[in-house]
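First comes the structure, then the notes that go with it.
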Amino acid sequence: MAALATSLAIAQAPKGPTTQSPASQRPPQTITPQTYSKQQIQAGELRFGSQCGFCHGRDAAGGETGPDLTRSKLVAEDHKGDKIGPLVRHGRPEQGMPAFNMSDADLATIVAFIHDQKTKGEALGGGRRSVDDADLATGDAAAGRRYFNGAGGCAACHSASGDLAGIASRYHGLELLQRMLYPGGRSAPAPPDALSAHFDQLGKYTDDDMHNVYAYLVTLK
């Protein structure tokens, strides 16, 4: 999910000479212990991997831009999606997280997977890891090219031989995906009309579309 919101914050370490990293501290304990079926967790793992893994890592333990959800206070306080659900559905675009439109059943599986990972994290500990390029390399470049050039696609504003020529030589992995979803980045925001067009596009992408277009952009070197 770009992903679940970056506002699912990692607990901050205290300041001072004895400061420890967040990964070395005990994660916030789940307030209401919850159990989910194996089928729900497995379905949630697939859904989470496709929509959230490129920011939060496929194991929900954190990535380059997405926090470690197994150490999230919001997740610790969540009960059956009462806090995760609204955040996923409304998003926080100002922090780089779009809203996700999904069924109650799909959202429930994601909630199940996150809580299962948090339960494992509470028992095993561990810190954040980087998002590998392999986490993102799940799309079909040929399908992405068709989407890019098709009606309502990206070619209405962009050109593979023009403004996007060589983009995969300048950016790769998660950074390339971020440029695709949120042009300009936070340090160099794009004009409001460009941002609006990209946010509109987020509402049209299927999971496959998003990964396919990314795969196509990787070929533009």
Next on the checklist: For residue 171, what accessible surface area do you get with a 1.4 Å probe? Give it in Å², rounded to 10.
Outcome noted: 50
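Where does each of 31, 41 land when they are ordered by accessible area, with a 1.4 Å probe and the largest first?
Numbers: 31 115, 41 30 Å².
The ordering from most to least exposed comes out as 31, 41.
The values are calculated or read from the model by the stated rules, or taken from the named source; none is laboratory data. In this text, all values refer to a predicted model and were calculated from it rather than measured experimentally. Side chains included, ligands, DNA and RNA excluded: accessible areas come from the protein's heavy atoms. Shrake-Rupley method; radii C 1.70, N 1.55, O 1.52, S 1.80 Å.
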